[in-house]
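See structure below.
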Amino acid sequence: MVPRLAERFVVRDGDRQIRVYLSEADKWISTCRIGPAGAEETFGTVLNAGPADKITLYGDLDAVLKAKMLIGRLPAKATAITAKLPSGRTLTGARDRDLFLIWAPDTEVEGARLTATGADGKVVATVTAPGVDG
């Protein structure tokens, strides 16, 4: 039996959108960026297990540079995530259970500082996204 991809996110920005699919069985995330003319780019990456108390990012620099997205797993007890971009802009991530997605189609996300917070607003974990220099 072929594993099925389950849609986890659809995030829109005007007439553009990014869709994220997950196959738990083979530990694979697949994304599709869609624009006015149709599908523009697809991207896939393997899910890797990370420490339960830390933010786990998937796709490394490829996802950051090519898709302008940060995708990963929230740490235990986290209920929200934000990213402070190098431009100074702060974005709130979309969340579906333990996964999160931050998509910035018009700005760079490399080197962004991610902060996961709990229901009480306290910081649970932070991490810096990969960047071209690090």
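Quick check, is ALA78 modelled with pLDDT of 90 or more, part of a strand (DSSP E or B) and of a type in the set (Gly, Ala, Ser)? No; evaluated as a whole, the condition is false for this residue. In the range 86-96, the residue that is nearest to VAL20 (Cα to Cα) out of those that are open to solvent by 50 Å² or more (accessible area, probe 1.4 Å) and assigned to a strand (DSSP E or B) is ARG95.
Looking only at the range 97-109, decide whether some residue is in a loop (DSSP other than H, G, I, E, B), touching a helix residue (DSSP H, G or I) at 6+ places or on another chain (Cβ under 6 Å) and at pLDDT 85 or above. Yes, the range 97-109 contains at least one residue that is in a loop (DSSP other than H, G, I, E, B), touching a helix residue (DSSP H, G or I) at 6+ places or on another chain (Cβ under 6 Å) and at pLDDT 85 or above.
Can you confirm whether the range 115-124 contains a residue that is under 14 Å from the mean Cα position of the chain (by Cα), surrounded by fewer than 20 Cβ atoms within 10 Å (Cβ to Cβ) and not in a loop (DSSP other than H, G, I, E, B)? Don't jump to the end; show me each part of the working.
Within the range 115-124, the subset under 14 Å from the mean Cα position of the chain (by Cα) is 115-116.
Then drop every residue that is not surrounded by fewer than 20 Cβ atoms within 10 Å (Cβ to Cβ), which leaves 115.
Then keep just the ones that are not in a loop (DSSP other than H, G, I, E, B); that gives 115.
The answer is yes; a qualifying residue exists.
When PHE43 is tested against (1) farther than 24 Å from THR126 by Cβ; (2) open to solvent by 80 Å² or more (accessible area, probe 1.4 Å), only condition (2) is not met. Does ALA49 satisfy being out of contact with any helix residue (DSSP H, G or I) (no Cβ under 8 Å at 6 or more places or on another chain), assigned to a loop (DSSP other than H, G, I, E, B) and free of Cβ contacts under 8 Å to residues at least 12 places away in the same chain? Judged against the criteria, ALA49 is a match. Using the structure shown, decide if THR107 is of a type outside the set (Gly, Ala, Ser), under 19 Å from GLY131 (Cα atoms) and in contact with a Gly (Cβ under 6 Å, 6 or more places away or on another chain). The answer is no for THR107. Considering only residues that are among the aliphatic types (A, V, I, L, M) and in a strand (DSSP E or B), look in the range 125-134 and name the one that is farthest from ASN48 (Cα to Cα). Of everything passing the filter in the range 125-134, ALA125 is farthest from ASN48 (Cα to Cα).
If we keep just the residues of the range 2-40 that are at positive phi and open to solvent by 50 Å² or more (accessible area, probe 1.4 Å), which is nearest to the chain's Cα centre (by Cα)? Only one residue tops the list, namely LYS27.
The values are calculated or read from the model by the stated rules, or taken from the named source; none is laboratory data. Given the structure is predicted, the values throughout are model-derived calculations rather than measurements. Cβ atoms come from the backbone with ideal geometry, glycine included; neighbour counts cover every protein chain shown. Surface areas here come from the heavy atoms of the whole protein model, side chains and all, with no ligands, DNA or RNA. Shrake-Rupley method; radii C 1.70, N 1.55, O 1.52, S 1.80 Å.
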